[in-house]
Amino acid sequence: MNFDALFQTQLDALKEEGNYRYFAELERSAGKFPKAANHVDGETRDVTVWCSNDYLGMGQNKMIIDAMCEAVQRTGTGAGGTRNISGTNHDHLLLEAELADLHGKEAALLFTSGYVSNWAALSCLGSRLANCVILSDAGNHASMIEGIRHSRAQKVLWKHNDVADLEAKLAALPANVPKIVAFESVYSMDGDISPMREIVEVAEKYGAMTYLDEVHAVGMYGPRGGGVSEREGLADRITLIEGTLGKAFGVVGGYITGSAALCDFIRSFASGFIFTTALPPAVAAAARASIVHLKQSSVEREQQQRQVARLREMLDRAGIPHMHNESHIIPVMIKDPVKTRMLADYLMEEWGIYVQPINYPTVPKGTERLRFTPSPLHTDADLAHLVEALSHLWKQCAISHAVA
């Protein structure tokens with residue numbers, strides 16, 4: 001059997017649909033974010049990155065770079081093993097203490113990525129709690145969906161951000177079964193924010209555990225960067241808060257926080273934690289430095305919020321359709337995979353603007369978009385250049401000015 005032919009047939013179909021993913025080869029330059037070099041056909045060109053999840057530019061922050069370099073010199077490169085077998089380093093424990101403090105919890109547990117932390121924690125909870133039912137928001141991330149699927153627990157979907165539907169489905173379940181309400185704070189593609197207080201209150205009413213994914217909110221919201229749960233004063237009422245070190249904190253890795261018993265439970269039973277090599281100590285040291293800084297500094301958050309608001313105003317004046325939300329994520333709607341890819345290519349080739357097209361299956365078909373994430377390091381001139389480019393291409397490509 002020709003397996004490569006089978007692979008190629010499906011790849012060709014993906015390309016024909018306009019959903020094949022092409023990766024831009026970038027070279028970040030420390031201290032120059034959001035500028036980067038784009039390597040193409042043996043040459044390089046300077047581009048401005050508009051879709052990075054390094055939301056605050058902390059991955060380029062000299063203080064964070066220095067912290068990582070110091071730790072590499074002090075500890076070497078890798079961790080040397082799993083956390084169970086020689087891989088638990090002092091820097092890991094310092095970071096876990098910092099994360100527990102960030103969310104006002106007793107304990108925290110590190111993972112190699114935010115995807116892994118969701119997958120491992122939800123699969124562990126769902127499989128180890130007898131007769132557990134996980135009520136999952138319909139908009140939850142793939143990592144949460146995979147974790148729930150792997151747990152083999154009963155899964156109940158509730159309509160996205162619909163508290164009445166959540167309550168109806170909680171009320172229909174037996175009172176004596178363990179229930180977990182799993183949801184996010186900021187949803188990464190539409191940029192909408194969950195009605196967190198109402199969700200927590202309904203979960204408490206029915207004795208359900210709350211599992212909150214804050215990956216697109218940590219570092220970004222709250223007086224110390226603890227996320228939407230900190231901003232709303234709800235962190236102490238949420239059972240488990242999951243987050244990432246790879247977005248606003250500018251490094252890599254994921255984590256959960258909660259009670260000491262909960263974190264020890266995940267530590268002891270989650271295969272995604274037990275059987276994988278620990279994060280390098282230098283990564284942990286850099287992440288801790290970033291968290292400590294953002295707990296004390298609101299400058300980055302305030303400047304980022306200013307640039308987000310300014311870009312929204314400029315897009316509105318130019319008649320460029322974008323989804324209105326209360327977060328830092330600005331989806332510009334195209335609604336056609338081929339046009340989305342074409343626009344992204346034009347922006348890169350003609351304007352030096354890099355934004356990745358977002359197509360199915362990341363978003364539903366017919367909702368294809370360009371997803372912009374202004375940072376505090378994007379200048380007003382960068383914003384003006386982006387809106388000028390979009391306005392020009394909108395006319396050139398005859399794209400609708402309607403959002404819905």
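The values are calculated or read from the model by the stated rules, or taken from the named source; none is laboratory data. None of the values given here were measured: they were computed from a predicted structure. So basically every Cβ, Gly included, is an ideal-geometry build from the backbone, and we count neighbours across all protein chains shown. The area values use the complete protein model at the heavy-atom level, side chains included, leaving out ligands, DNA and RNA. Shrake-Rupley method; radii C 1.70, N 1.55, O 1.52, S 1.80 Å.
General remarks:
- Hits in region 6-39 - residues which are over 30 Å from residue 366 (Cα atoms) and of a type in the set (A, V, I, L, M): 30, 36, 37
- Residue match in region 282-301 (condition: open to solvent by 10 Å² or more (accessible area, probe 1.4 Å), of a type in the set (Gly, Ala, Ser), under 30 Å from residue 83 (Cβ atoms) and touching a residue at least 24 places away in the same chain (Cβ under 8 Å)): yes
- The criterion of being modelled with pLDDT of 95 or more, over 30 Å from residue 277 (Cα atoms) and either surrounded by fewer than 23 Cβ atoms within 10 Å (Cβ to Cβ) or of a type outside the set (Val, Ile, Thr) (or both) does not hold for residue 146.
- Of the strands (runs of 3 or more DSSP E) that lie entirely inside region 128-189, those containing 3 or more residues that are under 21 Å from the mean Cα position of the chain (by Cα) and touching a residue at least 40 places away in the same chain (Cβ under 8 Å) span 133-137, 179-184.
- The residues of region 173-184 that are surrounded by fewer than 19 Cβ atoms within 10 Å (Cβ to Cβ) and either of a type outside the set (A, V, I, L, M) or more than 21 Å from residue 127 (Cα to Cα) (or both), listed by number, are 174, 176, 178.
- Unique residue being at pLDDT 95 or above, under 18 Å from the mean Cα position of the chain (by Cα) and either under 21 Å from residue 133 (Cβ atoms) or in a loop (DSSP other than H, G, I, E, B) (or both) when the list is 204, 198, 242: 242
- Residue that is nearest to residue 16 (Cα to Cα) [pool: residues in region 313-341 that are assigned to a helix (DSSP H, G or I) and open to solvent by less than 30 Å² (accessible area, probe 1.4 Å)]: 337
- Here the condition is being open to solvent by 20 Å² or more (accessible area, probe 1.4 Å) and within 23 Å of residue 266 (Cβ to Cβ); of 230, 242, it holds for 230 alone.
- Of everything in region 368-404 that is open to solvent by 40 Å² or more (accessible area, probe 1.4 Å) and modelled with pLDDT of 90 or more, the residue that is nearest to residue 343 (Cα to Cα) is 392.
- Test: residue in region 351-364 that is open to solvent by 40 Å² or more (accessible area, probe 1.4 Å), farther than 24 Å from residue 55 by Cα and not β-branched (Val, Ile, Thr): yes
- Pairs are defined by a Cβ separation below 7 Å, a sequence spacing of at least 6 or placement on different chains, a first member in region 9-26 that is within 21 Å of residue 335 (Cα to Cα), and a second member that is open to solvent by 90 Å² or more (accessible area, probe 1.4 Å) and of a type outside the set (Val, Ile, Thr); the pairs so defined are 19/360.
- The set of residues in region 149-172 that are open to solvent by less than 30 Å² (accessible area, probe 1.4 Å) and more than 17 Å from residue 212 (Cβ to Cβ) comprises 151, 153, 156, 165.
- Residue check: residue 261 meets all listed conditions (1) in contact with a helix residue (DSSP H, G or I) (Cβ under 6 Å, 6 or more places away or on another chain); (2) more than 30 Å from residue 70 (Cβ to Cβ); (3) among the hydrophobic types (A, V, I, L, M, F, W, C) but one, namely (1).
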